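The values are calculated or read from the model by the stated rules, or taken from the named source; none is laboratory data. All figures in this text were calculated on a predicted structure; none of them were measured in a lab. All Cβ positions, even for glycine, are placed from backbone atoms using ideal geometry, and neighbour counts span all protein chains on display.
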Amino acid sequence: MLQPRVRRSPIARILVVTFELLVVAAVAALGLLATGAFAVVMTHGVSMNPVYYQGDLVVVERANSYRVGEIVAYHLPSDNAVVLHRIIGIDPKGFRIKGDNNQSVDFTRPTTKEIIGHAVLHIPQGGTWLRNLSAPPILALAIFGLLTGGASARKRGHKRKRTTMSRHNRIRSGSFRTMPAGLRVIAAAAAALGVLGLTTAAFAWNGPLEQNAAAADSSRGRMDFSYTATVQPGAAYDGTTVTSPDPIFRTAVDVLQVHLAYHGESGSLSVSADLSTQDGWHTSVPLSPLTKFAGTSHETTVTLDLNALDARAQAGAAATGIPAGTVNVAVTAHILSVSGAHFTPALELHLSPLEANLVEGTQGLTITDPSVVSHPVVVERTLGMNNWTITVANARIVAIAVLLAAILGAVFVVIAPRRLTSETESEAIRRKYAPVLARVQPVSLPTDSRVVDVNAFATLAKIAERCGSLVLHWVHSGGETFIVQDENTTYRYQLSSGPSRR
(Lines give C-alpha, C1' and ligand atoms only; values in the text may rest on other atoms or scores of the structure.)
Protein backbone atom coordinates (compact mmCIF):
# COMPACT_ATOMS: atom_id res chain seq x y z
CA MET A 1 0.00 0.00 0.00
CA LEU A 2 1.21 3.49 -0.80
CA GLN A 3 2.63 5.43 2.15
CA PRO A 4 1.78 9.17 2.48
CA ARG A 5 4.55 11.68 2.12
CA VAL A 6 3.94 14.67 4.39
CA ARG A 7 5.12 18.12 3.35
CA ARG A 8 4.07 21.67 4.15
CA SER A 9 2.66 23.90 1.48
CA PRO A 10 3.83 27.56 1.20
CA ILE A 11 0.51 28.73 2.65
CA ALA A 12 0.90 26.43 5.63
CA ARG A 13 4.46 27.61 6.27
CA ILE A 14 3.33 31.26 6.12
CA LEU A 15 0.50 30.55 8.57
CA VAL A 16 2.85 28.77 10.99
CA VAL A 17 5.39 31.62 10.93
CA THR A 18 2.63 34.25 11.30
CA PHE A 19 1.12 32.38 14.23
CA GLU A 20 4.50 32.08 15.94
CA LEU A 21 5.25 35.78 15.40
CA LEU A 22 1.87 36.80 16.80
CA VAL A 23 2.37 34.63 19.86
CA VAL A 24 5.83 36.10 20.44
CA ALA A 25 4.52 39.64 19.90
CA ALA A 26 1.60 39.10 22.27
CA VAL A 27 3.81 37.65 25.00
CA ALA A 28 6.42 40.40 24.51
CA ALA A 29 3.78 43.15 24.61
CA LEU A 30 2.27 41.71 27.77
CA GLY A 31 5.70 41.44 29.41
CA LEU A 32 6.81 44.96 28.48
CA LEU A 33 3.56 46.56 29.61
CA ALA A 34 3.46 44.50 32.80
CA THR A 35 7.01 45.41 33.82
CA GLY A 36 6.40 49.11 33.23
CA ALA A 37 9.22 49.42 30.68
CA PHE A 38 6.66 50.81 28.23
CA ALA A 39 3.24 52.38 28.63
CA VAL A 40 0.52 53.64 26.30
CA VAL A 41 -0.95 57.12 26.78
CA MET A 42 -4.02 58.49 24.99
CA THR A 43 -4.00 62.26 24.58
CA HIS A 44 -6.76 64.62 25.71
CA GLY A 45 -7.23 68.32 25.24
CA VAL A 46 -5.09 70.76 23.29
CA SER A 47 -2.13 71.37 25.62
CA MET A 48 0.36 69.71 23.22
CA ASN A 49 -0.96 71.07 19.90
CA PRO A 50 0.38 70.95 17.23
CA VAL A 51 2.61 67.99 18.21
CA TYR A 52 -0.27 65.87 19.53
CA TYR A 53 -4.00 66.24 19.06
CA GLN A 54 -7.06 64.89 20.84
CA GLY A 55 -7.31 61.11 20.41
CA ASP A 56 -3.66 60.41 19.50
CA LEU A 57 -1.86 57.37 20.94
CA VAL A 58 1.66 57.80 22.35
CA VAL A 59 3.95 54.99 23.53
CA VAL A 60 6.39 56.07 26.27
CA GLU A 61 9.51 54.26 27.47
CA ARG A 62 10.94 54.43 30.98
CA ALA A 63 14.53 55.66 31.15
CA ASN A 64 17.20 56.20 33.80
CA SER A 65 17.44 59.91 32.98
CA TYR A 66 15.60 62.56 31.00
CA ARG A 67 16.77 65.76 29.35
CA VAL A 68 15.35 69.16 28.48
CA GLY A 69 13.26 69.06 25.31
CA GLU A 70 11.90 65.53 25.78
CA ILE A 71 8.16 64.91 25.98
CA VAL A 72 7.43 62.86 29.09
CA ALA A 73 4.42 61.37 30.86
CA TYR A 74 3.94 61.56 34.63
CA HIS A 75 1.19 60.98 37.18
CA LEU A 76 -0.44 63.92 38.90
CA PRO A 77 -0.17 63.65 42.70
CA SER A 78 -2.96 61.81 44.53
CA ASP A 79 -4.77 60.48 41.43
CA ASN A 80 -4.35 58.40 38.29
CA ALA A 81 -4.40 61.29 35.81
CA VAL A 82 -1.45 61.22 33.41
CA VAL A 83 0.11 64.38 31.99
CA LEU A 84 2.06 64.32 28.71
CA HIS A 85 4.10 67.54 28.45
CA ARG A 86 7.60 68.70 27.50
CA ILE A 87 10.57 69.23 29.86
CA ILE A 88 11.67 72.87 29.69
CA GLY A 89 14.08 73.00 32.61
CA ILE A 90 15.51 71.31 35.70
CA ASP A 91 15.77 72.70 39.22
CA PRO A 92 16.48 71.21 42.66
CA LYS A 93 12.81 70.30 43.14
CA GLY A 94 12.52 68.31 39.91
CA PHE A 95 11.74 68.84 36.26
CA ARG A 96 10.00 71.98 35.06
CA ILE A 97 7.41 70.79 32.56
CA LYS A 98 5.04 72.68 30.29
CA GLY A 99 2.55 71.91 27.53
CA ASP A 100 3.63 73.33 24.17
CA ASN A 101 0.26 75.06 23.83
CA ASN A 102 0.02 76.18 27.47
CA GLN A 103 0.91 79.63 28.76
CA SER A 104 1.99 78.54 32.22
CA VAL A 105 4.40 75.93 33.57
CA ASP A 106 2.98 72.83 35.30
CA PHE A 107 2.71 73.18 39.07
CA THR A 108 4.02 69.65 39.65
CA ARG A 109 7.79 69.14 39.55
CA PRO A 110 8.19 65.38 39.02
CA THR A 111 11.49 63.63 39.70
CA THR A 112 13.09 60.97 37.48
CA LYS A 113 11.46 58.18 39.51
CA GLU A 114 8.03 59.81 39.20
CA ILE A 115 8.14 60.07 35.40
CA ILE A 116 6.47 57.18 33.57
CA GLY A 117 8.63 57.55 30.46
CA HIS A 118 9.51 59.65 27.44
CA ALA A 119 7.66 59.51 24.11
CA VAL A 120 9.11 57.03 21.60
CA LEU A 121 6.18 56.34 19.24
CA HIS A 122 3.30 58.53 18.06
CA ILE A 123 0.22 57.05 16.37
CA PRO A 124 -2.06 59.86 15.14
CA GLN A 125 -5.66 59.18 16.15
CA GLY A 126 -4.53 55.80 17.51
CA GLY A 127 -6.51 56.37 20.69
CA THR A 128 -9.69 57.02 18.71
CA TRP A 129 -8.97 53.95 16.59
CA LEU A 130 -8.39 51.80 19.69
CA ARG A 131 -11.55 53.12 21.33
CA ASN A 132 -13.66 52.29 18.27
CA LEU A 133 -11.99 48.96 17.50
CA SER A 134 -12.15 47.79 21.10
CA ALA A 135 -15.83 48.62 21.51
CA PRO A 136 -17.61 45.41 22.61
CA PRO A 137 -19.99 45.26 19.59
CA ILE A 138 -17.12 45.59 17.09
CA LEU A 139 -14.93 43.02 18.83
CA ALA A 140 -17.81 40.56 19.22
CA LEU A 141 -18.75 40.97 15.53
CA ALA A 142 -15.14 40.35 14.42
CA ILE A 143 -14.78 37.21 16.53
CA PHE A 144 -18.20 35.94 15.41
CA GLY A 145 -17.28 36.51 11.75
CA LEU A 146 -13.99 34.63 12.08
CA LEU A 147 -15.55 31.71 13.91
CA THR A 148 -18.56 31.42 11.60
CA GLY A 149 -16.25 31.75 8.60
CA GLY A 150 -14.23 28.78 9.82
CA ALA A 151 -17.40 26.82 10.49
CA SER A 152 -18.67 27.55 6.97
CA ALA A 153 -15.36 26.35 5.52
CA ARG A 154 -15.65 23.13 7.46
CA LYS A 155 -19.22 22.63 6.29
CA ARG A 156 -18.24 23.19 2.65
CA GLY A 157 -15.38 20.72 3.06
CA HIS A 158 -17.70 18.03 4.42
CA LYS A 159 -20.62 18.69 2.13
CA ARG A 160 -19.45 16.35 -0.62
CA LYS A 161 -18.60 13.61 1.85
CA ARG A 162 -22.07 13.54 3.32
CA THR A 163 -23.79 13.41 -0.02
CA THR A 164 -21.75 10.44 -1.22
CA MET A 165 -22.26 8.07 1.70
CA SER A 166 -25.10 6.20 3.25
CA ARG A 167 -27.46 8.14 5.45
CA HIS A 168 -26.86 5.49 8.08
CA ASN A 169 -23.10 6.07 8.11
CA ARG A 170 -21.60 9.44 9.00
CA ILE A 171 -17.93 10.32 8.75
CA ARG A 172 -16.64 11.11 12.22
CA SER A 173 -14.75 14.40 12.52
CA GLY A 174 -11.13 14.35 13.71
CA SER A 175 -10.40 14.64 17.42
CA PHE A 176 -7.55 16.19 19.36
CA ARG A 177 -5.97 12.76 19.95
CA THR A 178 -5.87 11.95 16.23
CA MET A 179 -4.03 15.15 15.30
CA PRO A 180 -0.31 15.09 14.51
CA ALA A 181 1.91 16.11 17.42
CA GLY A 182 2.71 19.50 15.89
CA LEU A 183 -0.96 20.34 15.41
CA ARG A 184 -1.76 19.28 18.98
CA VAL A 185 0.84 21.74 20.29
CA ILE A 186 -0.59 24.57 18.15
CA ALA A 187 -4.16 23.66 19.17
CA ALA A 188 -3.23 23.64 22.86
CA ALA A 189 -1.39 26.96 22.53
CA ALA A 190 -4.34 28.50 20.69
CA ALA A 191 -6.73 27.29 23.39
CA ALA A 192 -4.52 28.68 26.17
CA LEU A 193 -4.18 32.02 24.37
CA GLY A 194 -7.93 32.09 23.81
CA VAL A 195 -8.61 31.62 27.53
CA LEU A 196 -6.02 34.25 28.44
CA GLY A 197 -7.36 36.70 25.85
CA LEU A 198 -10.99 36.22 26.84
CA THR A 199 -10.16 36.54 30.55
CA THR A 200 -8.19 39.73 29.95
CA ALA A 201 -10.94 41.07 27.68
CA ALA A 202 -13.61 40.31 30.30
CA PHE A 203 -11.85 42.54 32.82
CA ALA A 204 -10.74 45.16 30.28
CA TRP A 205 -14.21 45.64 28.80
CA ASN A 206 -16.02 45.56 32.12
CA GLY A 207 -16.20 49.35 32.15
CA PRO A 208 -14.95 52.37 30.19
CA LEU A 209 -11.38 53.25 29.23
CA GLU A 210 -11.54 56.30 31.46
CA GLN A 211 -13.31 57.43 34.59
CA ASN A 212 -14.02 60.66 36.37
CA ALA A 213 -11.99 61.48 39.46
CA ALA A 214 -11.35 64.41 41.73
CA ALA A 215 -7.85 65.71 41.08
CA ALA A 216 -6.18 67.66 43.84
CA ASP A 217 -3.84 70.43 42.77
CA SER A 218 -1.13 70.88 45.38
CA SER A 219 -1.12 74.58 44.55
CA ARG A 220 -3.40 77.07 42.83
CA GLY A 221 -0.70 79.63 42.17
CA ARG A 222 2.99 80.37 42.26
CA MET A 223 4.97 83.54 42.84
CA ASP A 224 8.56 83.90 41.64
CA PHE A 225 10.52 86.70 43.36
CA SER A 226 13.79 88.25 42.24
CA TYR A 227 15.62 91.49 42.96
CA THR A 228 18.26 93.66 41.35
CA ALA A 229 20.21 96.76 42.38
CA THR A 230 22.57 99.10 40.58
CA VAL A 231 25.86 99.80 42.37
CA GLN A 232 29.02 101.75 41.75
CA PRO A 233 32.08 99.71 40.82
CA GLY A 234 34.12 98.94 43.91
CA ALA A 235 35.49 96.32 46.24
CA ALA A 236 32.05 95.20 47.48
CA TYR A 237 30.88 93.88 44.08
CA ASP A 238 32.70 92.92 40.91
CA GLY A 239 30.13 94.42 38.59
CA THR A 240 27.63 97.24 38.53
CA THR A 241 24.50 95.12 39.11
CA VAL A 242 23.51 93.00 42.11
CA THR A 243 21.03 90.18 41.50
CA SER A 244 19.24 87.73 43.75
CA PRO A 245 20.19 85.78 45.78
CA ASP A 246 23.37 87.79 46.42
CA PRO A 247 23.51 89.61 49.81
CA ILE A 248 22.87 93.35 49.83
CA PHE A 249 25.63 95.37 51.51
CA ARG A 250 24.13 98.58 52.88
CA THR A 251 27.29 100.59 52.26
CA ALA A 252 26.92 100.02 48.51
CA VAL A 253 23.15 99.59 48.03
CA ASP A 254 20.34 101.85 49.13
CA VAL A 255 17.49 100.85 46.77
CA LEU A 256 16.33 97.42 45.54
CA GLN A 257 14.07 96.68 42.56
CA VAL A 258 11.94 93.67 43.52
CA HIS A 259 10.37 91.80 40.60
CA LEU A 260 7.24 89.66 41.13
CA ALA A 261 6.06 87.06 38.55
CA TYR A 262 2.72 85.42 39.41
CA HIS A 263 1.34 82.26 37.74
CA GLY A 264 -2.21 81.21 38.50
CA GLU A 265 -5.80 82.36 38.27
CA SER A 266 -6.59 85.87 37.12
CA GLY A 267 -7.69 88.41 39.70
CA SER A 268 -6.20 91.45 41.47
CA LEU A 269 -2.84 92.12 43.12
CA SER A 270 -1.28 94.69 45.47
CA VAL A 271 2.13 94.74 47.16
CA SER A 272 3.23 95.96 50.59
CA ALA A 273 6.38 95.88 52.73
CA ASP A 274 5.58 94.43 56.16
CA LEU A 275 8.13 95.46 58.83
CA SER A 276 8.54 93.76 62.21
CA THR A 277 11.05 93.47 65.04
CA GLN A 278 11.69 90.87 67.70
CA ASP A 279 9.87 92.87 70.40
CA GLY A 280 6.58 92.60 68.49
CA TRP A 281 6.53 95.98 66.78
CA HIS A 282 5.22 95.83 63.20
CA THR A 283 3.82 98.04 60.50
CA SER A 284 2.95 97.88 56.80
CA VAL A 285 4.15 100.18 54.02
CA PRO A 286 2.21 100.11 50.68
CA LEU A 287 4.45 99.55 47.66
CA SER A 288 1.87 99.29 44.82
CA PRO A 289 -1.89 99.89 44.54
CA LEU A 290 -4.48 97.19 43.87
CA THR A 291 -4.30 96.22 40.19
CA LYS A 292 -6.60 93.86 38.29
CA PHE A 293 -5.11 91.48 35.74
CA ALA A 294 -6.38 88.85 33.30
CA GLY A 295 -4.84 85.63 32.10
CA THR A 296 -2.84 83.04 34.00
CA SER A 297 0.24 85.16 34.67
CA HIS A 298 1.05 88.70 35.80
CA GLU A 299 4.32 90.53 36.47
CA THR A 300 5.11 93.71 38.35
CA THR A 301 8.12 95.48 39.89
CA VAL A 302 8.24 97.50 43.13
CA THR A 303 10.95 99.70 44.61
CA LEU A 304 12.31 98.90 48.06
CA ASP A 305 14.09 101.86 49.73
CA LEU A 306 16.17 100.17 52.41
CA ASN A 307 17.14 103.43 54.14
CA ALA A 308 13.53 104.58 54.35
CA LEU A 309 12.37 101.24 55.75
CA ASP A 310 15.18 101.22 58.29
CA ALA A 311 14.30 104.77 59.32
CA ARG A 312 10.68 103.73 59.83
CA ALA A 313 11.75 100.87 62.09
CA GLN A 314 14.09 103.12 64.07
CA ALA A 315 11.26 105.62 64.57
CA GLY A 316 9.13 102.83 65.98
CA ALA A 317 11.95 101.78 68.29
CA ALA A 318 12.34 105.33 69.54
CA ALA A 319 8.63 105.52 70.28
CA THR A 320 8.64 102.24 72.22
CA GLY A 321 12.03 102.75 73.86
CA ILE A 322 13.19 99.30 72.69
CA PRO A 323 16.12 99.06 70.24
CA ALA A 324 14.99 97.78 66.86
CA GLY A 325 17.93 95.44 66.26
CA THR A 326 17.49 93.36 63.08
CA VAL A 327 14.37 94.34 61.13
CA ASN A 328 12.38 91.70 59.27
CA VAL A 329 11.13 92.98 55.91
CA ALA A 330 8.48 90.93 54.08
CA VAL A 331 7.64 92.08 50.55
CA THR A 332 4.11 90.66 50.45
CA ALA A 333 1.87 90.23 47.40
CA HIS A 334 -1.86 90.26 48.21
CA ILE A 335 -3.66 88.27 45.49
CA LEU A 336 -7.44 87.77 45.26
CA SER A 337 -8.33 85.37 42.42
CA VAL A 338 -11.57 85.49 40.45
CA SER A 339 -12.70 82.34 42.29
CA GLY A 340 -12.38 84.18 45.63
CA ALA A 341 -9.19 82.49 46.83
CA HIS A 342 -6.56 84.51 48.73
CA PHE A 343 -2.83 84.00 48.18
CA THR A 344 -0.23 86.11 50.05
CA PRO A 345 3.32 85.05 49.12
CA ALA A 346 6.12 87.06 50.70
CA LEU A 347 9.83 87.62 50.05
CA GLU A 348 11.43 87.78 53.51
CA LEU A 349 14.64 89.72 54.18
CA HIS A 350 16.70 90.34 57.30
CA LEU A 351 17.64 94.03 57.38
CA SER A 352 20.54 95.01 59.63
CA PRO A 353 22.66 98.21 59.69
CA LEU A 354 25.28 96.42 57.56
CA GLU A 355 23.39 94.21 55.11
CA ALA A 356 20.11 92.72 53.88
CA ASN A 357 19.86 89.03 53.00
CA LEU A 358 17.27 86.36 52.30
CA VAL A 359 15.75 84.62 55.31
CA GLU A 360 15.27 81.24 53.53
CA GLY A 361 17.98 81.51 50.89
CA THR A 362 17.10 80.61 47.32
CA GLN A 363 14.07 78.61 48.47
CA GLY A 364 12.44 81.86 49.52
CA LEU A 365 12.44 83.14 45.93
CA THR A 366 9.62 80.80 44.83
CA ILE A 367 6.40 80.54 46.85
CA THR A 368 3.53 78.20 45.94
CA ASP A 369 0.00 78.28 47.27
CA PRO A 370 -0.30 75.52 49.92
CA SER A 371 -4.08 75.25 49.58
CA VAL A 372 -5.51 72.10 48.01
CA VAL A 373 -8.24 72.43 45.42
CA SER A 374 -10.15 69.49 43.98
CA HIS A 375 -11.58 69.57 40.51
CA PRO A 376 -13.03 66.86 38.27
CA VAL A 377 -10.67 65.27 35.76
CA VAL A 378 -10.83 62.32 33.40
CA VAL A 379 -8.28 59.62 34.30
CA GLU A 380 -7.35 56.31 32.73
CA ARG A 381 -8.96 53.29 34.39
CA THR A 382 -6.48 50.67 35.57
CA LEU A 383 -6.51 46.98 36.46
CA GLY A 384 -4.23 45.59 39.10
CA MET A 385 -3.35 42.88 41.56
CA ASN A 386 -1.07 43.45 44.53
CA ASN A 387 1.65 45.83 43.27
CA TRP A 388 1.08 45.08 39.57
CA THR A 389 -1.14 47.45 37.58
CA ILE A 390 -1.93 48.00 33.92
CA THR A 391 -4.16 50.57 32.28
CA VAL A 392 -7.36 49.34 30.66
CA ALA A 393 -6.13 50.69 27.30
CA ASN A 394 -2.99 48.56 27.56
CA ALA A 395 -5.02 45.55 28.68
CA ARG A 396 -7.28 45.86 25.65
CA ILE A 397 -4.29 46.00 23.30
CA VAL A 398 -2.88 42.84 24.90
CA ALA A 399 -6.29 41.10 24.76
CA ILE A 400 -6.73 41.91 21.06
CA ALA A 401 -3.21 40.67 20.21
CA VAL A 402 -3.67 37.46 22.20
CA LEU A 403 -7.12 36.77 20.71
CA LEU A 404 -5.82 37.36 17.18
CA ALA A 405 -3.04 34.85 17.83
CA ALA A 406 -5.57 32.34 19.23
CA ILE A 407 -7.93 32.78 16.27
CA LEU A 408 -5.10 32.40 13.76
CA GLY A 409 -3.96 29.23 15.55
CA ALA A 410 -7.50 27.82 15.47
CA VAL A 411 -7.87 28.60 11.76
CA PHE A 412 -4.53 26.94 11.09
CA VAL A 413 -5.58 23.79 12.97
CA VAL A 414 -8.78 23.62 10.88
CA ILE A 415 -7.16 24.02 7.48
CA ALA A 416 -3.82 22.34 8.19
CA PRO A 417 -4.95 18.74 7.48
CA ARG A 418 -5.77 19.82 3.94
CA ARG A 419 -2.69 21.98 3.43
CA LEU A 420 0.08 20.09 5.19
CA THR A 421 -0.10 16.91 3.15
CA SER A 422 -0.17 15.93 -0.48
CA GLU A 423 -2.51 12.88 -0.49
CA THR A 424 -2.63 9.94 -2.85
CA GLU A 425 -6.05 9.04 -4.20
CA SER A 426 -6.04 5.94 -2.01
CA GLU A 427 -5.41 8.07 1.10
CA ALA A 428 -8.14 10.49 0.11
CA ILE A 429 -10.64 7.64 -0.35
CA ARG A 430 -9.84 6.10 3.02
CA ARG A 431 -10.05 9.53 4.73
CA LYS A 432 -13.34 10.58 3.17
CA TYR A 433 -15.20 7.28 3.01
CA ALA A 434 -13.83 5.35 5.97
CA PRO A 435 -17.29 4.53 7.44
CA VAL A 436 -18.46 2.74 4.25
CA LEU A 437 -15.24 0.83 3.53
CA ALA A 438 -14.86 -2.83 4.54
CA ARG A 439 -11.31 -4.19 4.38
CA VAL A 440 -11.38 -7.86 3.22
CA GLN A 441 -9.03 -10.48 1.88
CA PRO A 442 -8.81 -10.63 -1.91
CA VAL A 443 -11.91 -12.35 -3.28
CA SER A 444 -12.74 -13.92 -6.59
CA LEU A 445 -15.64 -12.44 -8.44
CA PRO A 446 -18.57 -14.79 -9.22
CA THR A 447 -18.45 -16.13 -12.79
CA ASP A 448 -22.21 -15.66 -13.19
CA SER A 449 -22.04 -12.00 -12.10
CA ARG A 450 -21.73 -9.13 -14.51
CA VAL A 451 -18.75 -6.86 -13.69
CA VAL A 452 -19.11 -3.16 -14.35
CA ASP A 453 -16.03 -0.95 -13.97
CA VAL A 454 -16.70 2.65 -12.88
CA ASN A 455 -14.30 5.47 -13.62
CA ALA A 456 -14.52 7.33 -10.27
CA PHE A 457 -14.79 6.19 -6.69
CA ALA A 458 -17.48 8.82 -6.05
CA THR A 459 -19.70 6.90 -8.49
CA LEU A 460 -19.05 3.66 -6.62
CA ALA A 461 -19.90 5.40 -3.33
CA LYS A 462 -23.25 6.54 -4.79
CA ILE A 463 -24.02 3.00 -5.89
CA ALA A 464 -23.21 1.72 -2.39
CA GLU A 465 -25.52 4.32 -0.91
CA ARG A 466 -28.33 3.35 -3.28
CA CYS A 467 -27.87 -0.32 -2.53
CA GLY A 468 -27.44 0.22 1.19
CA SER A 469 -24.25 -1.86 1.26
CA LEU A 470 -20.61 -1.41 2.12
CA VAL A 471 -17.72 -1.05 -0.30
CA LEU A 472 -15.47 -4.12 -0.13
CA HIS A 473 -11.82 -3.21 -0.34
CA TRP A 474 -8.57 -5.17 -0.60
CA VAL A 475 -4.95 -4.53 -1.51
CA HIS A 476 -2.97 -6.62 -3.96
CA SER A 477 0.34 -6.47 -5.76
CA GLY A 478 -1.13 -4.57 -8.68
CA GLY A 479 -2.81 -1.91 -6.54
CA GLU A 480 -6.20 -1.74 -4.79
CA THR A 481 -9.70 -2.90 -5.69
CA PHE A 482 -13.05 -1.58 -4.44
CA ILE A 483 -16.34 -3.40 -5.28
CA VAL A 484 -20.03 -3.14 -4.53
CA GLN A 485 -22.18 -6.24 -5.14
CA ASP A 486 -25.78 -5.74 -6.19
CA GLU A 487 -27.70 -8.93 -7.02
CA ASN A 488 -26.14 -10.21 -10.30
CA THR A 489 -23.96 -7.16 -10.93
CA THR A 490 -20.60 -6.31 -9.37
CA TYR A 491 -19.49 -2.68 -9.60
CA ARG A 492 -15.72 -2.26 -9.44
CA TYR A 493 -13.21 0.57 -9.11
CA GLN A 494 -9.50 -0.18 -9.32
CA LEU A 495 -6.38 1.75 -8.40
CA SER A 496 -2.99 0.87 -9.83
CA SER A 497 0.10 0.80 -7.65
CA GLY A 498 1.67 3.78 -9.50
CA PRO A 499 1.70 7.24 -7.81
CA SER A 500 -1.49 9.15 -8.19
CA ARG A 501 -1.42 12.43 -6.29
CA ARG A 502 -4.38 14.66 -5.76
Original post:
Which of (1) at positive phi; (2) in a strand (DSSP E or B) does S272 not meet, given it meets every other one?
Top reply: (1)
**OP:** Report, ordered by the first and then the second residue, all pairs with beta carbons closer than 6 Å, sequence separation of six or more or different chains, a first member in segment 282-297 that is at pLDDT 90 or above, and a second member that is among the aliphatic types (A, V, I, L, M).
**Re:** T283/L275; V285/A273; L287/V271; L287/A273; L287/V302; S288/V271; S288/V302; T291/L269
**OP:** Could you list, in sequence order, all residues of segment 110-121 that are crowded, with 19+ Cβ neighbours inside 10 Å and part of a loop (DSSP other than H, G, I, E, B)?
**Re:** P110
Original post:
Under the condition of being modelled with pLDDT under 85 and part of a loop (DSSP other than H, G, I, E, B), which residue from segment 122-146 is surrounded by the most Cβ atoms within 10 Å (Cβ to Cβ)?
Top reply: S134
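Given the structure, is T332 within 19 Å of G364 (Cβ to Cβ), modelled with pLDDT of 90 or more and hydroxyl-bearing (S, T, Y)? I'd like the intermediate steps shown before the answer.
On the way: within 19 Å of G364 (Cβ to Cβ): yes; modelled with pLDDT of 90 or more: yes; hydroxyl-bearing (S, T, Y): yes.
Yes; evaluated as a whole, the condition is true for this residue.
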**OP:** Please indicate, with yes or no, whether at least one residue in segment 315-337 is at positive phi, touching a residue at least 12 places away in the same chain (Cβ under 8 Å) and out of contact with any His (no Cβ under 9 Å at 6 or more places or on another chain).
**Re:** yes
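Can you work out which of the residues in segment 415-426 that are at pLDDT below 75 and of a type outside the set (D, E) is surrounded by the fewest Cβ atoms within 10 Å (Cβ to Cβ)?
Of the residues in segment 415-426, the ones at pLDDT below 75 are 415-423.
Those still in the list that are of a type outside the set (D, E) too: 415-422.
On the way: I415: 17, A416: 22, P417: 16, R418: 12, R419: 15, L420: 20, T421: 20, S422: 14.
Only one residue tops the list, namely R418.
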**OP:** Considering only segment 335-352, state which residues are modelled with pLDDT under 90 and assigned to a loop (DSSP other than H, G, I, E, B).
**Re:** V338, S339, G340, A341
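Does V253 meet the test of being assigned to a loop (DSSP other than H, G, I, E, B), over 46 Å from the mean Cα position of the chain (by Cα) and modelled with pLDDT of 90 or more? Working first, answer last.
Numbers: assigned to a loop (DSSP other than H, G, I, E, B): yes; over 46 Å from the mean Cα position of the chain (by Cα): yes; modelled with pLDDT of 90 or more: yes.
Spelling it out, V253 is indeed assigned to a loop (DSSP other than H, G, I, E, B), over 46 Å from the mean Cα position of the chain (by Cα) and modelled with pLDDT of 90 or more.
Can you tell me which residue within segment 86-104, out of those that are farther than 18 Å from G264 by Cα and assigned to a strand (DSSP E or B), is modelled with the lowest pLDDT? Quick ask: steps written out before the conclusion?
Residues of segment 86-104 farther than 18 Å from G264 by Cα: 86-95.
Narrowing the set further to residues that are assigned to a strand (DSSP E or B) leaves 86-91, 94-95.
Numbers: R86: 94, I87: 94, I88: 93, G89: 91, I90: 88, D91: 83, G94: 89, F95: 92.
So the residue we want is D91.
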Subject >> The listed residue being closer than 30 Å to I123 by Cα and either at pLDDT 80 or above or assigned to a helix (DSSP H, G or I) (or both), out of I483, I429, I463, I407 >> reply: I407
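Of the residues that make up segment 290-307, is at least one over 56 Å from the mean Cα position of the chain (by Cα), buried (at least 19 other Cβ atoms within 10 Å of the Cβ) and more than 30 Å from F107 (Cα to Cα)?
Going residue by residue through segment 290-307, those that are over 56 Å from the mean Cα position of the chain (by Cα) are 305-307.
Subsequent filtering for residues that are buried (at least 19 other Cβ atoms within 10 Å of the Cβ) retains 306.
From the residues that got through so far, the ones that are more than 30 Å from F107 (Cα to Cα) too are 306.
Yes: one or more hits.
In this structure, is V72 among the hydrophobic types (A, V, I, L, M, F, W, C), at pLDDT 85 or above and surrounded by fewer than 18 Cβ atoms within 10 Å (Cβ to Cβ)?
On the way: among the hydrophobic types (A, V, I, L, M, F, W, C): yes; at pLDDT 85 or above: yes; surrounded by fewer than 18 Cβ atoms within 10 Å (Cβ to Cβ): no.
So V72 does not fit the description; no.
Go through segment 269-282 and count every residue that is surrounded by 15 or more Cβ atoms within 10 Å (Cβ to Cβ) and closer than 17 Å to A346 by Cβ. Can you show your working first?
As a first pass, look at segment 269-282 and keep what is surrounded by 15 or more Cβ atoms within 10 Å (Cβ to Cβ): 269-277, 281.
From the residues that got through so far, the ones that are closer than 17 Å to A346 by Cβ too are 269-277.
The total comes to 9.
Take G361 and decide whether it is at pLDDT 85 or above, more than 22 Å from P286 (Cβ to Cβ) and surrounded by fewer than 12 Cβ atoms within 10 Å (Cβ to Cβ). Break it down stepwise before answering.
Details: at pLDDT 85 or above: yes; more than 22 Å from P286 (Cβ to Cβ): yes; surrounded by fewer than 12 Cβ atoms within 10 Å (Cβ to Cβ): yes.
Yes: the conditions hold for G361.
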Original post:
Quick one: which of G239, G316 is over 46 Å from the mean Cα position of the chain (by Cα), surrounded by 15 or more Cβ atoms within 10 Å (Cβ to Cβ) and either over 21 Å from G364 (Cα atoms) or aromatic (F, W, Y) (or both)?
Top reply: G316
Original post:
Y52 fails exactly one of the following numbered conditions: (1) crowded, with 17+ Cβ neighbours inside 10 Å; (2) without any contact (Cβ under 8 Å) to a residue 60 or more places away in the chain. What is the number of that condition?
Top reply: (2)
Subject >> Number of the condition not met by D310 [criteria: (1) without any contact (Cβ under 8 Å) to a residue 40 or more places away in the chain; (2) not in a strand (DSSP E or B)] >> reply: (1)
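Do you know which of the residues in segment 466-480 that are outside any strand (DSSP E or B) and over 18 Å from P446 (Cα atoms) is modelled with the lowest pLDDT?
Taking segment 466-480 and keeping what is outside any strand (DSSP E or B), we get 466-470, 477-478.
Going one step further and asking which of them are over 18 Å from P446 (Cα atoms), we end up with 466-468, 477-478.
Numbers: R466: 90, C467: 88, G468: 88, S477: 85, G478: 81.
Out of the qualifying residues, it is G478.
Residue by residue, here is whether (1) of a type in the set (K, R); (2) under 30 Å from G364 (Cβ atoms); (3) within 23 Å of the chain's Cα centre (by Cα) holds:
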| position | (1), (2), (3) |
| --- | --- |
| I87 | no, yes, yes |
| K98 | yes, yes, yes |
| T108 | no, yes, yes |
| H122 | no, no, yes |
